[in-house]
Amino acid sequence: MKKKRDKNIPKYHGFRIYFFSTVLYFFLVLPIVLILFIKTIPEWIPISDGTEIEGDSTTVDLESQAKVLPSLHSNKNLNIDYTFNNINLALLQPENIDNKIDSLLNRQASRAEPVIVNNTSTVSQSNNKLPEIFLLLIKLLLLSFLAGFAYNLPFKIFFKKKRKGKVLKEKLYHYCKKFLIKSPTINSIILLIPYSISLVYTFYAILFEENVEEAVSRFHIQYFFISLIATTLTILFVYYWQKHRVHIKYIEHIFTAEELRKRIFKIKTGRIRNRLWVSSGMTTLLPLIIVIFYLLISITSLVDTGITNFSEDHTEILYGKYINKIESDNIDDSRRLGWGYVNVFDSTLMLSGIFTGIFTSFIYIFLFIRWTTEGIVGPVKELLANMQLTGQGELDQFSVVRTNDEIGELAEGFNEMSQKLKDYFNNISKINQANSRFVPRQFIEFLGKNSIADVQLGDQVQKEMTILFTDIRSFTSISEEMTPKENFDFLNNYLGYMEPVIRNNKGFIDKFMGDSIMAIFSDQPEDAINAAIEMRIKLQEFNQVMGQFGKPPIDSGIGIHTGNLMLGIVGGEGRMDGTVISDAVNLASRIEGLTKIYGGSIIISEDTLIKLNDPSHYNFRFVDIVKVKGKKEAVYLFEIIDGEPAQIKELKSKTKEKFSKALQLYKNQNFIEANKLFKGVHNINKFDRASELYISRCTNFINKGVPENWDGIEVIEDK
């Protein structure tokens, strides 16, 4: 089945550009050439007695004319307009005709030698090169048409196949992609070559051809200049026509959308101002030059008439109504010097008006291009600067709508786009902020991602971090006395105190688990301990505030451990979550649970203690060696006394040495002496749960004996 053509893909035109540009050239050149030919042809025709004059397909027999002319002498009222060069002379008086005929015959006879064939004279062969120039130009143009056809054929095939949906060859595609942008220049050069050769040949004929008649030489010079102007217009016509089609019609069908997001032109950056100058020059200045050229060749000097003696009637015709305003001496000078022109005053007025109009057009072109450039380039530059700032993230940039045209529409559209972008990015920012509350920003950064949109299922990273677990003690019994809403509000108030502390100490909350918090600190273990101490202080503030509403005070325990973690994304395609998976996480959770047994507010593991840069910065004491549920290895536990209330902190600091000595005796199975010291500690500090626990253990070992293979490590089965 035949595929339907895609009408959105344009046809490629090459021949019509060549054809119409050539027509334009001859349209500009041929009329002037014809005028020059008619104007100067009488000067090319040598004549003598009995010569047949060729010039306008009319044969003039001087002998028969000589018989007619005397009859004109008898008619005093007959005026004769007679010329051999088609220029309007004065109405000759009959008494001057004989003199004029003799003058013309002598002048023409002096310009060329007649060729006698069968007792008759024929026209001499002229040195006019124009036919040769035109013939050469036509041949060269045919060759340039062939060269242009060969160059543009691949483009023609490319767009034809693409319109029909056919497969394009790789070489064809690369050729078109390589040369499409260059095609305006290449096509212009192909057509410029024949015109340039023609101009060079004409220039050579002007400079180096010998025995060339004055009229022919003058004709060649005039043709050279008009051909130069026509060539300039023609080549510019080709270049800008092809450039327009390339940029507007063809470019998106060869280059990809990604490539066209930026400028693909490797030439110097263009300017709108230059385009306006070129457009104005092509549409105004160059056509005005042609008008000036026409005016110049239309002027006929008195010298060109060949008349040496002017009668009063000649003068009156030349100067018309101005004859009475001119002194006779000036008229005689103009006759003698030949600087006057036929219809001199009217021609002068016409030329003055035209040149005034041309001068005015130059002023208007200069001013209007300046104004137009400022009216276009200024807003566009302002718009471009705002676009660049918007691209850099400054979303408050808006352009002033200065005009009511397409530039104004563009500025207005940019402003609408900027507002929508601002609203969109603000919305995205709000979404990101909301997401960061669910998935911490640090979590995303650990995974090496820029945003949550880049996160994928299975992303993970392993790193040594410090885990902090905290839990409200006896929260179940507290919550039973509150309604669900009160429970909800109570927790939010409590967590609202704790979360900023963790964030301000370079940590982030991995998850909330009811009244429990799991936080991670990636930099230093000190951050976790500092956060724990500050959380204990904030807890006292929280209790004071809640006490004003009749709520009972709460207490919390904090467990801290440092170890390797696997941080990543788990779940399914429909629901994912960031989490931390590691044995270190479980151990931190178990340590938090041990705070209830040992009565310490903050308990850390040995792994955390040894990673501290300066452990002496904290007030701590050794608590015990335990094996928690699920762990085979024993864990050394240390209590951070700095997290206790001021009174308890002071008492524990006071009894720290006695407690450490008693604990050493306990590990050495000297339970009697250890028991005495623990009792002494408890007598000083009734709030020391750890000393109370060891008193119970010592009493048990004293009464029941020490179990076999006891190594001083306590096994904790509770979670």
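Every number here is computed from the coordinates shown, using simple stated rules; none is lab data. Small disclaimer: the values here were computed from a predicted structure and weren't measured. All Cβ positions, even for glycine, are placed from backbone atoms using ideal geometry, and neighbour counts span all protein chains on display.
Below are the figures for this structure:
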read-out	value
In nm, spacing of pseudo-spin labels at T699 and H174 (7 Å Cα→C-beta vector)	9.5 nm
FRET efficiency, 1/(1 + (r/R0)^6) with R0 51 Å, evaluated for K463 and M417 via beta carbons	0.75
Relative packing of 545-553, 670-678, 174-182, which averages over residues the other C-beta atoms within 10 Å, highest first	670-678, 174-182, 545-553
Neighbourhood charge, 11 Å Cβ-Cβ cut-off, centred on F638 and excluding it, Lys, Arg +1 and Asp, Glu -1	-3
Spin-label model distance (nm) - F398 vs L207, 7 Å beyond Cα toward Cβ	6.6 nm
Residue-span extension gain [E409 to K654] - 0.36 nm each, minus C-alpha spacing	80.1 nm
Which of V29, V278 has the fewest Cβ neighbours within 10 Å, and the rest in rising order	V278, V29
Sites N426 and E480 - FRET efficiency at Förster radius 35 Å, r taken between beta-carbons, to 0.05	0.20
When the convex hull of its Cα atoms is projected in every direction, mean area for the range 645-719 (nm²)	5.7 nm²
Scaled radius of gyration (Cα, divided by 2.2 N^0.38 Å) that the range 499-633 gives	1.14
Packing-based exposure ordering (other Cβ within 10 Å, fewest first) of M498, M417	M417, M498
Highest-first arrangement of 561-569, 696-704, 657-665, 593-601, where packing means the average Cβ count within 10 Å	593-601, 561-569, 657-665, 696-704
Pair Q669, L495: separation of 7 Å Cα→Cβ label points (nm)	5.0 nm
